[in-house]
Amino acid sequence: MSRPTRYRYQGTPIIVLPGVFHPRFFFSTKLLLKLLKKENLQNKSFLELGAGSGLISVVAAKSGARVTASDISSLSVENVKQNQQLNGLQFRVIQSDLFEKIPAGPFDVIVINPPYYKKNPVSEPEHAWYCGENSEYFVKLFSSLGKFMHAGTNTLMVLSDVCDISLIRDIAGQNLLAFELLSTHHMILEKNYIFRIRTAAR
């Protein structure tokens, strides 16, 4: 899109800047929001990695969570701050390449809507789509994720059948993390899956 657009999710208004992942046009954000609606987020420490417009973080903050929203993109960080202000909220917003600048955890809830197309990103907007030719995003993600989890952390990730889920699970397993399939959603052109990630038994 060439201009900022307004969007409303169940009474929560946001602005989406050009070049930022738009929740209106993709199911993944809505699937995560639907699942989070069942969670008691009151006073939970909540981390959203790859926040995009910040809709998930805004909804979590409105539900009482102590939110940290992060994105590698300076444009996304600006967009999240705009939507904070629009909704009269205060929470931590950080520009960070995954966990590089995230304060030490652990968090009670971690939400990840990752890039998964195999191509090297060459611009900030492309980081929302491409995980690297050799899935470098997931290698980096899973090498640090466990340090930000405790035994009861609810870590949620949405993936699609167009990505290499087997490889992603293998990378997680190499870092002593296990996937639990929570739900499958059939879309027009693809399937989306929501996984819970837990520390694997040694």
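The values are calculated or read from the model by the stated rules, or taken from the named source; none is laboratory data. All figures in this text were calculated on a predicted structure; none of them were measured in a lab. Positions of Cβ are generated from backbone atoms using ideal geometry, with glycine treated the same way; all protein chains shown enter the neighbour counts. Please note that ligands, DNA and RNA were not included when accessible areas were found on the heavy atoms of the full protein model with its side chains. Shrake-Rupley method; radii C 1.70, N 1.55, O 1.52, S 1.80 Å.
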List the residues, sorted by chain then number, that are 5 or more residues from Ser45 or on another chain and whose placed amide H is less than 5 Å from its amide H. Arg66, Asp108, Val109
Starting at the first residue of the stretch 16-33, write each ³J(HN,Hα) from the Karplus equation 6.51 cos²θ - 1.76 cosθ + 1.60 with θ = phi - 60°, in whole Hz, x for Gly and Pro. 10, 7, x, x, 9, 3, 9, x, 5, 9, 9, 7, 4, 4, 5, 5, 5, 5
Residue-wise, which Karplus ³J(HN,Hα) couplings in Hz belong to the stretch 90-101, taking 6.51 cos²θ - 1.76 cosθ + 1.60, θ = phi - 60°, and x for glycine or proline? 10, 7, 7, 10, 10, 7, 8, 7, 6, 8, 4, 10
D_trans [Stokes-Einstein, Kirkwood Rh over alpha-carbon pairs] for the chain, 10 °C, 1.306 mPa s, µm² s⁻¹: 94
Chymotrypsin sites (Phe, Trp or Tyr not before Pro) within the stretch 122-202, DSSP loop, no more than 14 other Cβ atoms inside 10 Å: Trp129
Accessible area per residue for the stretch 2-67 in Å², computed with a 1.4 Å probe and the full protein assembly in place, what is it? 47
Just to be sure I follow: if Rg is taken over the C-alpha atoms of the stretch 42-158 and Rh is the Kirkwood radius over the same atoms, what is Rg/Rh? 0.96
Please label the shape of the stretch 93-202 as rounded, prolate or oblate, based on the square roots a ≥ b ≥ c of the eigenvalues of the alpha-carbon gyration tensor (a/c under 1.5 means rounded; beyond that, a/b larger than b/c means prolate, else oblate). oblate
Once phi is turned into θ = phi - 60°, what whole-Hz ³J(HN,Hα) does the Karplus curve with 6.51, -1.76 and 1.60 give for every residue of the stretch 74-86, x standing for Gly and Pro? 5, 5, 5, 4, 4, 5, 4, 5, 4, 6, 4, 4, 4
Accessible surface, the stretch 157-202, averaged per residue in Å² (probe 1.4 Å): 57
If you stretched the chain out fully between Tyr117 and Arg92, how much longer would it get, using 0.36 nm times the residue separation minus the C-alpha to C-alpha distance? 6.1 nm
Residues with amide H under 5 Å of Leu177's amide H, sequence separation 5 or more or different chain, H placed in the peptide plane at 1.01 Å from N; which? Ala200
At 7 Å along the Cα-to-beta-carbon direction for both Leu182 and Ile165, put a label point, then send me their distance in nm to one decimal. 1.5
Among the listed pairs Lys81/Lys118; Lys119/Lys147; Lys38/Lys147; Lys118/Lys147; Lys118/Lys140, give every one whose C-alpha distance is greater than 22 Å. Lys81/Lys118; Lys119/Lys147; Lys38/Lys147; Lys118/Lys147
Given charges at beta-carbon only (K, R positive; D, E negative), |dipole| of the stretch 103-202 in Debye: 340
Under the rule of -39500 (n - 2.57) per DSSP H run of 4 or more residues, summed and divided by the residues of the chain, what mean residue ellipticity at 222 nm is obtained, to the nearest 500 deg cm²/dmol? -7500 deg cm²/dmol
Can you send over the carbon and sulfur percentage of the accessible area for the chain, probe radius 1.4 Å, protein chains only? 50
